[in-house]
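Worksheet: the structure to be examined is printed underneath.
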Amino acid sequence: MSVAASPPVILIIAGSDCSGGAGIQADLKTITALGGYAMTAVTGVVAETPLVVSRIQLIDAEVVYEQVKLLMDAYPIAAAKTGMLGGKEQIEAVVSAWEASVHSSKKVPLVVDPVMVATSGGRLLDEDAEEALVGRLFPHASLITPNLDEAAVLVGEKITTRESMEHHALALSTRHGCAVLLKGGHLSGDSVPDVLAAGGELHWLEGRRIEGVHTHGTGCTYSAAIAAGLGHGLSMLDAVRQGKEFVTNAIAHHHRWGTMEALNQTIGK
């Protein structure tokens, strides 16, 4: 009688989304669907729907530290990902716990989704927190996954073409010493092109644009799927390909509970 292999343990370090479409809830669903066992270190609680963010309550930095440190020391973490971290204190807590854990020398693959800019264009991190994210967390990353707005913050200029995507993906990869997945969903056109810079090479991943969908949590889902792939032992390129396919299919086969207009009217009551 054969014994089934244990699923890889994937650590999620992110915020909670009460609507279930983003944050740790989206990550949990994604990692479970891809055969991983997800554990969570919660950095903040967000009261939101796809249309409205009504309140954000960050978790005390000491509690964030204890969650990450405890899980890293107690379980065989195969890969990890970060999402919304909230502020400088929370970012520093994650980094300190990561560096102090017994697995710190093991080089656990870490996917950093730099949640810096909201879909509306608003900045989600203050300047001190951005500096901590880039200066303290990025050095531990195996992969960072900025969208075009977040990449613009990192490089100091807008990115509007495939050529500039290639240039800046390579530049960011060299600067931070890790792979960079630059997501091109904000480019105009029928396709959704992403480019992966890894080991000095570029790889384009193409996806079809699905019209009429108000996306929510795509970055969370994408990075969680990549982390799951890395936890299963996939190469960086294959893990990113798996993530791209998973998030594209998730958008194509999304749930619908009525129109966004009806939801908006309900929220306004």
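The values are calculated or read from the model by the stated rules, or taken from the named source; none is laboratory data. Bear in mind that the values here come from a model prediction, so they are computed numbers and not experimental data. Please note: Cβ atoms are built from the backbone with ideal geometry, for glycine as well, and neighbour counts cover all protein chains shown. When the accessible area is computed, the model is the full protein with side chains, heavy atoms only, and any ligands, DNA or RNA have been set aside. Shrake-Rupley method; radii C 1.70, N 1.55, O 1.52, S 1.80 Å.
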Matching residues in the stretch 13-27 - criterion: being in contact (Cβ under 8 Å) with a residue 40 or more places away in the chain and hydrophobic (A, V, I, L, M, F, W, C) | ILE13, ALA14, ALA22, ILE24, ALA26
Filtered residue count, the stretch 1-40, keeping only those that are under 14 Å from the mean Cα position of the chain (by Cα), within 20 Å of LEU124 (Cα to Cα) and not hydroxyl-bearing (Ser, Thr, Tyr) = 12
All positions within the stretch 60-86 that are out of contact with any strand residue (DSSP E or B) (no Cβ under 8 Å at 6 or more places or on another chain) and either open to solvent by 70 Å² or more (accessible area, probe 1.4 Å) or farther than 22 Å from ALA227 by Cβ (or both) = ASP60, ALA61, GLU62, VAL63, GLU66, LEU70
Which one of these is out of contact with any helix residue (DSSP H, G or I) (no Cβ under 8 Å at 6 or more places or on another chain) and more than 25 Å from LEU182 (Cβ to Cβ): VAL52, VAL46, VAL42, VAL63?
-> VAL63
Hey, GLN90 hits all of (1) within 18 Å of THR221 (Cα to Cα); (2) open to solvent by less than 40 Å² (accessible area, probe 1.4 Å) but one; which does it fall short on?
-> (1)
Quick one: what pairs do we get from the stretch 143-155, first residue under 16 Å from GLY83 (Cα atoms), second of a type in the set (S, T, N, Q) and at pLDDT 95 or above, C-beta under 9 Å, 6+ apart or different chains?
-> LEU143/SER223; ILE144/SER173; THR145/SER223
So, of the residues in the stretch 31-59 that are at pLDDT below 95 and in a loop (DSSP other than H, G, I, E, B), which turns out to be surrounded by the fewest Cβ atoms within 10 Å (Cβ to Cβ)?
-> VAL52
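Keeping to the stretch 81-96, report how many residues are in a helix (DSSP H, G or I) and under 13 Å from ILE59 (Cβ atoms). Outline the logic, then answer.
Step one: list which residues in the stretch 81-96 are in a helix (DSSP H, G or I), which gives 88-96.
From the residues that got through so far, the ones that are under 13 Å from ILE59 (Cβ atoms) too are 89-91, 93-94.
Count: 5.
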Candidate set: the stretch 126-150, residues that are open to solvent by less than 20 Å² (accessible area, probe 1.4 Å) and at pLDDT below 95; chosen: the one farthest from LEU51 (Cα to Cα) = ALA129
